[in-house]
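The values are calculated or read from the model by the stated rules, or taken from the named source; none is laboratory data. Just so we're clear, the structure is a prediction, and the values are computed from it rather than from any experiment. Because the Cβ atoms are built from the backbone with ideal geometry, glycine has one as well, and the counts that use them run over all protein chains shown. Note: accessible area is taken over every heavy atom of the protein model, side chains too, but ligands, DNA and RNA are not part of it. Shrake-Rupley method; radii C 1.70, N 1.55, O 1.52, S 1.80 Å.
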Amino acid sequence: MNVDFINPFIETIDNILATMASMTCEHGKAYIKEGVGPLGVVTGVIPMDGDSVHGSLAISFSAGAIVCISSKVLGEEIAEVDETCHDLTGELTNMLSGGARKLLWEKGYNFEMAKPSLIAGDKDIQHSISAPVIVIPFTTKAGPFFIEVAIGSKLRRAASVI
């Protein structure tokens, strides 16, 4: 996968956590995901569709990470993964997709994004295309979270149909 697609997601989540939660995170080396199960306890998924590429984005939080982020964003103690954490996961997914979309647009990629869906528990993550899913792992002092990106070329898809 082209780093032009990965770096905007890293930059955006760094900015979101610094601004909204006064937190830092470190990202690890990206890898190709095996399987379709979630890597965290709560996951936001959003489809992305553009002129020449299409795909989807997911962000999956461990319990420790989303509880800590929720507590910091709301300024109150959240003790466990609850509806507040689920709602914030949806908001973080929106912010991540919007911020990355802006950075990708500046690089010449135009994406439309839909409303995110939320996955809690062990339900499979259904990306909007059948393509390799790139995972970017992140660590925080409260626990890990993961961004998944599955993007394919519409040109390649159109050529394979002909």
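Of note:
- Of all lysines in the structure, those lying under 29 Å Cα to Cα from Lys123, and not within fewer than 8 positions of it along the same chain, are Lys29, Lys33, Lys72, Lys115, Lys141, Lys154.
- Accessible area of the stretch 28-85 divided out per residue, in Å², using a probe of 1.4 angstrom: 44 Å²
- Shown here: Cα extents along the principal axes in Å, derived from the displayed model; of the candidates (1) 46, 32, 31; (2) 56, 33, 28; (3) 53, 43, 28, it corresponds to (2).
- Span-like helix criteria (full DSSP H runs; alpha carbon extent of at least 30 Å along the helix axis; mean Kyte-Doolittle hydropathy of at least -1.0) are satisfied in the chain by 83-106.
- Spin-label pair Thr139/Asn94, simplified geometry with 7 Å Cα→Cβ offset, distance in nm: 3.3 nm
- FRET efficiency, 1/(1 + (r/R0)^6) with R0 35 Å, evaluated for Asn110 and Glu80 via beta carbons: 0.30
- Amide H to amide H, with H built 1.01 Å from N, Met23 comes under 5 Å of Ala18, counting only residues 5 or more places away or on other chains.
- Within the stretch 18-115, the trypsin sites (Lys or Arg not before Pro) that combine a DSSP coil assignment with at most 14 other C-beta atoms in a 10 angstrom radius are Lys29, Lys107.
- Between Met20 and Ala120, the simple spin-label model (points 7 angstrom out along Cα→Cβ) gives 1.7 nm.
- Of all accessible heavy-atom area on the chain, the percent that carbon and sulfur account for (1.4 Å): 53 percent
- Distances between placed amide hydrogens fall under 5 Å for Ala142 paired with no residue 5 or more residues away or on another chain.
- Given their separation in residues at 0.36 nm each and the Cα-Cα distance between them, Asp87 and Lys29 gain 18.0 nm when the chain is fully extended.
- Sites excluded, GluC sites (Glu not before Pro) in DSSP loops with at most 12 other C-beta within 10 Å, longest stretch of the chain: 81-162
- Using θ = phi - 60° in the Karplus curve 6.51 cos²θ - 1.76 cosθ + 1.60, the 3J(HN,Hα) couplings for the stretch 116-128 round to x, 10, 10, 10, 10, x, 9, 5, 5, 8, 9, 6, 6 Hz; x is entered for Gly and Pro.
- Across the chain, the mean sequence separation of Cα contacts (distance under 8 Å, 6 or more residues apart), normalised by length, yields a relative contact order of 36 percent.
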